[in-house]
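Comments concern the structure below.
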Amino acid sequence: MVSKEVVVLNSTGIHARPAAIFVKTASGFKSDITVSKDGKSVSAKSIISVLSLCINKDSKITISANGEDENEAIKALVDLIDSKFGEE
Amino acid sequence: MTLEIEKLIKDLNLDVIVSGDRNKKITTSDINRPGLQFSGYYDYFGEDRVQVIGMAEWSYLDKMDPDLRYKRIKEFFKFDITCVIISRGLNPHEEIIDTAKEHNIWVLRSSLQTTRLMKELITYMEKELAETTSLHGELVDVYGVGILIQGKSGIGKSETALELIKRGHILVSDDAVEIKCVGGSLYGTSPYSTSGMIEVRGLGIIDVTALYGLSSVLKEKIIDFVIELEPWNNEYDDFDRLGNSNETVEILGVSIKKVRIPIRPGRNLAVIIEAAAANYRYLTTSSISPVEIIDKRIEEINQKKV
């Protein structure tokens with residue numbers, strides 16, 4: 001299992017559009033992936049779950065993956081957040 | 001878990017007589033009525049509890065000699081008290097207001113009668129202070145039975161919930177269920193931002209309330225049992241064949257019945273879940289199970305033969 005804490009940088013946070021990209025990216029991996037914020041942990045492969053966390057700009061979240069491609073999964077998701085989902 | 005005094009004031013509609021320390025938090029749902037403390041007895045004093053002053057304590061203070069009253073109240077507020085609530089809309093004695101201000105302790109007031117206030121306080125605080133967790137799954141109400149449907153991502157939980165809604169059952173939460181344990185029962189709700197919404201692969205997010213009406217969604221439901229959807233395994237199956245398995249799962253320290261249902265194309269899951277709900281009601285009200293009925297019948301035939 002690999003975990004990484006990241007701070008969300010893009011101005012809208014993980015609202016609908018970024019959430020869809022995030023969930024799509026997560027679903028491309030075989031590992032079980034979770035996102036947690038303020039002690040609440042949900043599946044990173046479900047859009048409803050990710051949206052339920054209300055992740056805003058500057059929110060601190062932890063992404064964890066468990067499975068054969070866990071390292072690649074974490075890297076892809078962290079890169080996505082660091083890239084601000086392509087927003088300015 | 002902790003509860004902020006300002007939230008308590010807002011939710012229970014209390015008057016603020018003295019504003020105390022804003023960082024002070026309630027940590028227990030117990031209540032103390034400080035009659036004994038006003039008489040000078042401080043062994044076993046629950047200072048961390050909410051202190052409720054009712055008519056009895058108020059009139060006891062009222063009849064007291066003013067000098068003694070001042071002394072007793074001073075002694076009381078020396079403790080690290082969370083907050084004081086006066087019931088029946090009574091006016092607190094000036095000594096209480098002055099001393100509470102001095103120690104930065106909250107003094108609040110409710111118009112309710114004391115027992116009524118205590119009942120409301122305890123119910124409210126138990127709920128607010130309850131342990132919580134968040135689980136992956138669908139929470140639905142089927143024939144009044146609260147069922148948490150779990151299973152791996154992509155196994156068809158949301159689609160099953162949608163079919164149940166179409167059949168007149170009720171959605172509480174899709175995918176993420178927030179659970180609170182109050183008095184040994186597990187209360188499930190939906191996170192605020194996504195309540196009434198469901199994701200169906202290929203369609204995206206749909207608004208259940210808008211499409212199926214207000215009666216198709218519910219804010220909160222006690223979870224009666226858990227259904228785990230599992231892929232059908234042909235080589236080896238350890239599914240319950242008699243309907244008498246006592247499999248359980250633990251959520252927030254509460255042991256709850258778990259039913260594992262194998263899925264494969266062509267199995268109508270909504271019908272099976274309806275049957276599971278009806279069966280749950282049957283088993284909780286009936287004194288005999290189907291397996292026992294069959295055993296009895298077999299015994300009957302054997303006895304006739306003898």
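The values are calculated or read from the model by the stated rules, or taken from the named source; none is laboratory data. Please read these numbers as outputs of a predicted model, since none were measured by experiment. Every residue, glycine among them, receives a Cβ derived from its backbone with ideal geometry; neighbour counts consider all protein chains shown. Remember, those area values only see protein heavy atoms, side chains included, never the ligands or the DNA or RNA. Shrake-Rupley method; radii C 1.70, N 1.55, O 1.52, S 1.80 Å.
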Any idea which of (1) free of Cβ contacts under 8 Å to residues at least 40 places away in the same chain; (2) buried (at least 19 other Cβ atoms within 10 Å of the Cβ); (3) more than 14 Å from chain A (Cβ to nearest Cβ) is the one B:ASP238 doesn't satisfy? (2)
Six or more apart or on different chains, Cβ under 7 Å: which pairs go from a residue in the range B:69-82 that's buried (at least 16 other Cβ atoms within 10 Å of the Cβ) to one that's β-branched (Val, Ile, Thr)? Could you list them? B:ILE73/B:ILE96; B:ILE73/B:THR99; B:PHE77/B:THR99; B:PHE77/B:ILE105; B:ILE81/B:ILE105; B:THR82/B:ILE26; B:THR82/B:VAL50
If you check every pair at least six apart or on different chains, which have Cβ atoms under 8 Å apart with a residue in the range B:283-306 that is in contact (Cβ under 8 Å) with a residue 12 or more places away in the chain first and a residue that is outside any helix (DSSP H, G or I) and surrounded by 11 or more Cβ atoms within 10 Å (Cβ to Cβ) second? B:SER289/B:GLY243; B:SER289/B:ASN244; B:PRO290/B:GLY243; B:VAL291/B:GLY243; B:VAL291/B:ASN244
Tell me which residues, restricted to the range B:20-35, are open to solvent by 50 Å² or more (accessible area, probe 1.4 Å) and either in contact with a Lys or Arg (Cβ under 7 Å, 6 or more places away or on another chain) or modelled with pLDDT under 95 (or both). B:ASP21, B:ARG22, B:ASN23, B:LYS25, B:THR27, B:ASP30
Inspect the range B:129-136 for any residue being under 19 Å from A:SER49 (Cα atoms), more than 14 Å from chain A (Cβ to nearest Cβ) and open to solvent by less than 60 Å² (accessible area, probe 1.4 Å) and give the result as yes or no. no
Which residues, taken from the range A:64-81, are within 11 Å of the chain's Cα centre (by Cα), more than 14 Å from every other protein chain (Cβ to nearest Cβ) and of a type outside the set (Lys, Arg)? A:ILE74, A:ALA76, A:LEU77, A:VAL78, A:ASP79, A:LEU80, A:ILE81
For the condition open to solvent by 40 Å² or more (accessible area, probe 1.4 Å), more than 14 Å from every other protein chain (Cβ to nearest Cβ) and more than 30 Å from B:SER29 (Cβ to Cβ), what is the one hit in B:ARG167, B:ARG201? B:ARG167
Filtering the range A:13-43 for residues that are surrounded by fewer than 16 Cβ atoms within 10 Å (Cβ to Cβ) and either in contact (Cβ under 8 Å) with a residue 60 or more places away in the chain or part of a strand (DSSP E or B) (or both) leaves a count of 2
Of the residues B:SER111, B:SER153, B:SER87, which is over 19 Å from B:LEU269 (Cβ atoms), of a type in the set (Gly, Ala, Ser) and open to solvent by 50 Å² or more (accessible area, probe 1.4 Å)? B:SER111
Do we have any residue at all in the range B:115-122 that's assigned to a helix (DSSP H, G or I) and touching a helix residue (DSSP H, G or I) at 6+ places or on another chain (Cβ under 7 Å)? no
The lone condition B:ASP174 fails out of (1) within 14 Å of chain A (Cβ to nearest Cβ); (2) more than 22 Å from B:ARG267 (Cα to Cα); (3) not aromatic (Phe, Trp, Tyr) is (2)
Name every residue in the range B:177-190 that is under 9 Å from the mean Cα position of the chain (by Cα), within 14 Å of chain A (Cβ to nearest Cβ) and among the small types (Gly, Ala, Ser), in order of residue number. B:GLY188
Taking the range A:44-63, which residues are surrounded by 20 or more Cβ atoms within 10 Å (Cβ to Cβ) and either within 11 Å of another protein chain (Cβ to nearest Cβ) or among the polar types (S, T, N, Q) (or both)? A:ALA44, A:LYS45, A:SER46, A:ILE47, A:ILE48, A:SER49, A:VAL50, A:LEU51, A:SER52, A:LEU53, A:ILE55
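Listed here are the residues, each with its yes/no results for (1) within 14 Å of chain A (Cβ to nearest Cβ); (2) in contact with a strand residue (DSSP E or B) (Cβ under 7 Å, 6 or more places away or on another chain); (3) farther than 24 Å from B:GLU128 by Cβ.
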| site | (1), (2), (3) |
| --- | --- |
| B:TYR192 | yes, no, no |
| B:ASP207 | yes, yes, yes |
| B:ASP224 | no, yes, no |
| B:ASN268 | no, no, yes |
| B:VAL271 | no, no, yes |
| B:ALA278 | no, no, yes |
Qualifying strands (runs of 3 or more DSSP E) (wholly inside the range B:1-103; at least 1 residues being touching a helix residue (DSSP H, G or I) at 6+ places or on another chain (Cβ under 7 Å) and under 30 Å from A:ASP38 (Cα atoms)): B:50-53, B:83-86
